[in-house]
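Presented below is the structure to which this report refers.
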Amino acid sequence: MRGLGLPPRTAAEMAEWLRRLGDLTAGELEGPMAGFLEQLVADGRAIEIELPRCQEAKRWIGAEEAVLYRTAFGLEEATPADVQSAAGMIFGRFLDTHALIGLEDVLARYPFERTWAERQLEQWVRAGRAVVVERGGGEAVQYSAPANLEQVQRGSLGLLRREVITCQPAQFADFVLRWQHVHPAERRGESAGLAEVLQRLQGLPLPAELWEQTVLPVRVPGYQPRWLDEWIAGGSGAWVARGDSGSGAGLVAFLGRPMLLELSPPERGDGASPGESVQKVAELLQQRGASF
């Protein structure tokens, strides 16, 4: 989005870069860009300014934007409304020319007030001008322009699709057997192996006798029913059941404890409210927690 690795080829393209990006630091110049800037300065189409309170204070900008930058960063007198308007334009261009930005990225680039920058991002999110991107893992929240985020997602999907390659049926069958822990080399014994198999198959509804007689024994050598009881009693997971009107047999699925939080509560088909005894049990659990 900022043309890294593809420097402009002419002074005219260099002028377009400044118009699109707003400002450039000395560290961002590559290839013939420094020479093109000298031409633009000589022609009066670019100037160098110095921003206050910045690590890289010196910036190259287009000559037509000199008033904008001086107004935004207090280099000339202006009303508060004009200052905020100019700062918003520069801030918005920074957002538009990056896939993802964080608050610290913005403050490292420009001497904006932190509270103002935070408020500006919040306003843009409410207005749909920006999108919050949660990274997880304790990383700071980042923001993206909606169009940029869509482009990143399309690009990521394209990369993933290029990684998908066809393979021979025998190779695919071997992969499935190993992934399902049916291949002899991937079988796991004891209760630890059972937990790994149940995690791979969680949410799959099958008849109870099929689990006990076929599915688990073929994946867990020496399978014993008490291992399944211990897995449930130990709080590692739970089982859920539903009737099968077609065969008349009930289907059972196993879920790990983290998956339980992803499920919605079961629906009552008759629309009736819980009975008095059910309500008492619910109140007891709420007051005392898990009971055995």
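Where a number appears in this text, it was derived from the coordinates with a stated rule and is not lab data. Please read these numbers as outputs of a predicted model, since none were measured by experiment. Positions of Cβ are backbone-derived with ideal geometry, glycine not excepted, and every protein chain shown enters the neighbour counts.
With 10 angstrom as the radius, rank Thr71, Thr115, Thr10 by how many other C-beta atoms surround their C-beta, starting from the fewest.
Ordered by Cβ neighbours within 10 Å, fewest first: Thr115, Thr10, Thr71.
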Rounded to whole angstroms and listed largest first, the alpha-carbon spread of the range 88-228 along its three principal axes comes to 67, 38, 26
When His183, His98 are ranked with the fewest other C-beta atoms within 10 Å first, the list becomes His183, His98
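Using +1 on the beta carbon of Lys and Arg, -1 on that of Asp and Glu, and nothing else charged, what's the dipole of the chain about the Cα centre, debye to 20?
On the way: 30 positive and 39 negative charges, 124 e Å.
Rounded to the nearest 20 debye, it is 600 debye.
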The set of residues whose placed amide H lies less than 5 Å from the amide H of Val133, leaving out same-chain residues fewer than 5 positions away, is Gln142, Tyr143, Ser144
Residue-ordered couplings for the range 118-129, obtained by feeding phi - 60° into the Karplus form 6.51 cos²θ - 1.76 cosθ + 1.60 and rounding to whole Hz (Gly and Pro as x), are 4, 5, 5, 5, 4, 5, 5, 5, 5, 8, x, 6
Taking the alpha-carbon centre of each part, the distance from the range 1-31 to the range 65-135 in Å is 21 Å
In the chain, taking the dipole from +1 charges on Lys and Arg beta carbons and -1 charges on Asp and Glu beta carbons about the Cα centre, the listed residue (Leu160, Ala130, Ile49) farthest towards the positive end is Leu160
Both in Å, the radius of gyration and Dmax of the C-alpha trace of the range 1-78 are 12.4, 38
In terms of the alpha carbon gyration tensor, root eigenvalues a ≥ b ≥ c, rounded if a/c is under 1.5 and otherwise prolate when a/b exceeds b/c or oblate, the range 187-262 is oblate
Under the Karplus relation with 6.51, -1.76 and 1.60 and θ = phi - 60°, whole-Hz ³J(HN,Hα) for the range 23-39, x at Gly and Pro, equal 8, 10, 9, 4, x, 8, 7, 9, x, x, 4, 4, x, 5, 5, 4, 5
About its Cα centre, the range 86-164 carries a charge dipole, from +1 on Lys and Arg Cβ atoms and -1 on Asp and Glu Cβ atoms, whose size in debye to the nearest 20 is 240 debye
Taking the reciprocal of mean 1/r across every pair of different Cα atoms in the chain, the Kirkwood radius in Å is 25.7 Å
A correct Kirkwood calculation over the Cα atoms of the range 1-148 returns a hydrodynamic radius in Å of 16.3 Å
Taking Cα atoms only, Rg over Rh for the range 80-163 with Rh from the Kirkwood formula is 1.03
Going from the fewest other Cβ atoms within 10 Å to the most, one would list Val215, Val164, Val67 as Val164, Val67, Val215
